[in-house]
Each structure stands twice: as C-alpha cells, then as structure tokens.
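Read-outs throughout are calculated quantities, based only on the coordinates presented, and are distinct from any laboratory measurement. Because the structure is predicted, anything quoted here is derived from the model rather than measured. Positions of Cβ are generated from backbone atoms using ideal geometry, with glycine treated the same way; all protein chains shown enter the neighbour counts.
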Amino acid sequence: MHEFPILTNITVALLIALIGGCIARLIKLPPIVGYLLAGVIIGPFTPGFVGDIHTIQELAELGVIFLLFGVGLHFSLEDLWAVRDIAIWGALFQMILSTFMVLGLTTLWGWSWPAGLVIGLAVSIASTVVLLRNLMDHGWLNTTHGQVAVGWLVLEDLATVLILVLLPAFFAKTGQPVWQAAGLAILKTAAFVILILLVGKRVIPWLLIRIAHFRSRELFIVTIIVLTLAIAVGAASFFGVSLALGAFLAGVVVHESALSHQVEVEIEPLREMFAVLFFVSIGMLVNPHMLLQRPWEVLALTAMIILGKGVIVLFLGLFFKRSARTVLVVAVALSQIGEFSFLLGQTGMRLQLIHQDQYSLLLTGALISITLNPLIFHQLPRIEQVLRKIGPLWSRLDTYAPIQQPISESLHDHVVLIGYGRVGKRVVDVFSRLQVPLLVIELDAGAITELQQRGIPSLFGDAANSDILDVARLKQAKAAVVTIPSGITILSVVATIRQIAPEVPVLTRAANEENAKQLFELQANVVIYPEIEGSIQLINDTLLYLGYTEQSVQTCIETVRKVFDDYVAKRPVEPALESLERHHLEKRGAGS
C-alpha cells in the first residue's frame, strides 16, 4: 500500500479547515477562526488524527510569503500619506504603549524581559485580514474611518517587518557585539531595499508586460510565483533578511506595474490556500488545556488585547484631529491580533526568547480576540451610546467632528438620501441640478464637509442608528433612497425606515441576490440589483447592434426586467417567461 504523507497532511488539514471555515461563517465569524480551530483539532494536544506539524509548517511558509506579497501589493504611499496625521504617530505610540502594558503584566508573572517584549510586540499589532473583513462587512472600507484604520494597520505591518529584521540582530547568539550585529542587519536590509526599489521597479513591471504579450495565462501565473519566491528566498539567502520582508517588497514593486490588478486576481487562489495552511499550522500549536491550566493568565492577556489596546487608542484619540466615530472604529478594529503576531511569536521561539507555553498563551489570546472582534463591531453603536453618556470625554473626543447643522422644521417633500459614496454622489449631482430638495445622511466626515460646502442639508452619523433617522423628517419626505453598499446595513436601515414612516416610498440598491429578496420582504418599493441592471443594459445594446428595432428591443427588455424582478421577489415567473418565448423580435429593421 502506497503512503502519501505530504498529500495526506495537506488533504486532512484543508478538509478540516474547510469544515471549520464553513461553520464559522454560518455563525457570522471570520473563517480564520475555523482555520485556527482546525489546527487545534489535528494538533498534538487533542485526540484523533495528529498532523505532521513540520510538514504543514514548511508549506505554511508559502502562506507567509503570499500573505506578505498581498500586503505589499495593496501598499499605497499616497493612501498612507492622506491619513499620516493620525496613522503614523497613532500606530507608533499605540505599539509602544501596548508593548509596555504587556511587558508590565508579564513582569508581574515572573517572565524574563525578552519574553515579555516579544509577547508585548505581538499583542501591539492587529490582523489586517480580520480588519479588512470587518470593514467590508459593515461598508466602512471606503469611508474616512476605514482609510484611517487601514493606514494605521499598514504602519503597524511596516514596523513589524522592521522588528522581524532587528530581533535576530539583537538576540541571536552570534558572538558579535549587539551594535555591530544590528548595524550590519540594517545595512543589509537597506541594501536589499534599495536594490529592489531601484532595479526591481524597472525590471519587474517590464518583465510582466513582456510575459503578458505571450497571451498565456499559465506563463503569467508561473512568472508571478517565480518572482515572488525568488525575491523572498534571495532576500533570506543573500541579504540575511526575512522571507516576509522579501515577499512584501516583491508586492510593492509589482504594485507599480500596470498589470498589478491582474496579478492580484491570479495570485489570490494560491495566497488563500497557503494562508489557510498557515493558520492551521498556528492552530496546531494551541494547547486547549491552557484554558484549564492557566485561565487567569489567558483572561488577563485577552483583556489586554481587547480592552487594553482599545483604551490606549481612545486615549491617543484625544490628541488627533479626527471625529470620535473614527477613533472608536480604529479602537474596535485593533482589538484583536493575527498573522504578524504569529510571525513575531515564531521568531521569538526560534531565538529561544519565549518557550512553547508562552507562545501557546499568545495563540489562545489571539483565537479568542479574533472570535470576539466581529461581535464587538456589531456592538459599536451601543459602545458609542455609552461613551456619549460620559459627556466630557465624548466632547473632547468629538472636538473635530463636522459641525452638525440643525435640520429646518420647514423641510418637507424632500428626498432622504442615505449614503454619499460613488452611487450617492451621482444622485446628489442630478437632483441638485433639478433642484430636488435633499437631505443626505452619511457616515464619512470628509463627505459631510463636502456637502456642507455645497450647501446641501446633511446629517453626520450611522444610518443604521435610528436616532439619526428620527431627525431626518422621514414622515414629511417624498422618498427615501438608500445607496450604501453593505447588505447588513441596508437591511437595518430599510427596516428602521419602515418603522418610522411606513408610507414613504423606499428605493434601495441590493448588495446581492439574497439581499434583494430580503429587501422585498421588508416592503422596499424599488430594489436595484447592480448585476441585473448591468446585464439588462448589455442585452439592450447588443440587440440594437444586431439590428433589432428599438421598439422590439424595448418590449423585450421590459419582459426581461419583469422576469428578473419576479424571480428576485419570489413571484411566479412562468407567465413572463412564456411571454418572452412567444415574443417575436423583428430582426434587421421593421421591414425584415
């Protein structure tokens, strides 16, 4: 009987991770929680199948490389510079204060200061993967709050890459003086960075364009993989820097290419698969008995991750010119730790600065914080209400929020527009030209400032919070238009509008097909599903190019739209389909 140890380990690890990820999503948790738990299940601390941790960790190195490549691929100096006033200093001071906070705790436990330093640094940084997922789920990724949170995390990632370079220089037992080892490490890193940025920025985009001219998707994918692995391995072999830094810089360089978006599409499946193995390998190191053996230590460290970091961010928010809502979103977003924390912990283990139990304690805290973070995000409006009751604190935090103009009591027969994003801006442009009375509700402070400059009545806040909708004079409105992208928030907003003003017409976009069905159930009058609208427009234009008359095309489009609407609204579609099948489209003009 043939044995396939590597294939067996990969298959079992991915299978259990798949099951865990699906269960996590069913209960509204990030899939990463399921992947970590899958690692616990096949780890050495639980009964049943025990995976070969060395084999899985070797494969997980590819996960690290592709994860960091993805971070570099999304790195934008312009975006970072736009939020530099809070992201740069906020990230640095938060990391310093969080590290000293944990270092103080571990000193009380009797740990060595290098061990406390490693765990403190690991706690000070949050998971970019978890952050992006939560921001996207709540429709905040493209708001000021989301931009600040992402910029903050990018600074943490960059600082961590530097820490990963310097830790071996300071703590590796090489026999060299510390200053000499650190100086040499910095010089090697600087040489590698300069080489990649000066030479790579010219060669790699040129090479990708040339490979693309072969019109072979396989060659393009192989080129991306070879470049990523070659730069990462070359960085470690010839310059003595981490695989992580090499992969990150490879992504930064590829970002300069006109094909960077295509690169992201092609590399994503590989990145996701090996990233899953990375999280599984981390989970295999978690000792679930830690909760029984050292519950108070687990509880204390988890409190530092969730509450301690959140309080530090709120404290720092007193000194930055941003609204309280932005600071609160960042505080909640950072109340977890993830992939870079694991890398720091692994480095500490390799340098013998921390031992297995200490690393397992960190991993247990990470698992709990990642699990709870989406739930904390959902409670953000309630957290805000509690903070508002602490008047002096909230006033100081919210010093730089947009000045809220009172809504005129005479406002009536207006359109309440909820969301001033890419879709909402177009609605405002047209309605303003037509002099349609408008009231815009928006969560982005920058957008509110823009609306105030245009003289358009606006309310700053979360439309999912009924307090905002209560003052929008919905009962006097002609219509409510919802353009926000988040499906969860859309449902909450439409349900609240229906409670406040049952008679007002509600026109809304839908995030997906299931979301559209739910909105019809909430009695939304018009539901626009962008994918359906796009397909209808393509059908319309294609039939006109094929020579069908405008009248026949219009008749067809009306029937197709009815079929789509009936399908989404769960109404019988057979009559409409039969009508469409019977309908004769006149081809090549009226006389054909």
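Listing for the model above:
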item: Distance (nanometres) between label positions extended 7 Å along Cα→Cβ at Gln453 and Leu375; result: 4.3 nm
item: Alpha carbon centroid spacing (whole Å) that separates region 281-300 from region 31-68; result: 16 Å
item: Chain lengthening between Leu219 and Ala303 when straightened (0.36 nm per residue, less Cα-Cα); result: 25.4 nm
item: Computed FRET value (nearest 0.05) for Ala236 with Leu411, which takes r as the C-beta separation and R₀ as 51 Å; result: 0.20
item: Tilt relative to the chain, helix 530-545 - C-alpha long axis, 0 to 90 degrees, to 10; result: 60 degrees
item: Within the chain, longest stretch free of exposed GluC sites (Glu not before Pro) [DSSP loop, at most 11 other beta carbons within 10 Å]; result: 4-408
item: DSSP loop trypsin sites (Lys or Arg not before Pro) with at most 11 other Cβ within 10 Å: longest gap in the chain; result: 322-569
item: Ranking of Val330, Val298, Val40 by count of other Cβ atoms within 10 Å, fewest first; result: Val298, Val40, Val330
item: Residues whose placed amide H lies under 5 Å from that of Ile354, excluding near-sequence neighbours; result: Met349
item: Given the chain, longest segment not containing exposed loop chymotrypsin sites (Phe, Trp or Tyr not before Pro) (DSSP; at most 13 other Cβ within 10 Å); result: 320-592
item: Rounded to 10°, Cα long-axis angle of helix 356-378 versus longest principal axis of the chain; result: 10 degrees
item: Among (i) 0.90; (ii) 1.37; (iii) 1.10, the entry that matches Cα Rg over 2.2 N^0.38 Å as calculated here; result: (iii)
item: Over region 5-391, relative contact order from alpha-carbon pairs under 8 Å, at least 6 apart, %; result: 29 percent
item: Cα lying deepest toward the dipole's positive end in the chain, options Ile32, Phe320, Leu301, charges on Cβ; result: Phe320
item: In degrees, nearest ten, helix 445-454 long axis to first principal axis of the chain (Cα); result: 40 degrees
item: Model label zone, Ile23; criterion: amide N under 19 Å from point 7 Å along Cα-to-beta-carbon; scope region 37-76; result: 37-51
item: Dipole of the chain, positive end: most advanced residue of Thr128, Leu162, Ala60 [Cβ charges, Cα centre]; result: Leu162
item: Calculated FRET efficiency for the pair Asn512/Arg350, C-beta based, R₀ 35 Å, to 0.05; result: 0.20
item: Residue-span extension gain [Trp113 to Leu158] - 0.36 nm each, minus C-alpha spacing; result: 13.8 nm
item: Sorted by Cβ density within 10 Å, fewest first, the residues Val276, Val430; result: Val430, Val276
item: Residue pairs, from the table Lys425/Lys517; Lys389/Lys425; Lys28/Lys478; Lys321/Lys425, whose Cα atoms sit over 28 Å apart; result: Lys389/Lys425; Lys28/Lys478
item: Rounded to 5, the percent of DSSP beta bridges in the chain classed as antiparallel; result: 0 percent
item: Computed label-point distance, nm, for sites Ile194 and Phe49 using a 7 Å Cα→Cβ extension; result: 5.1 nm
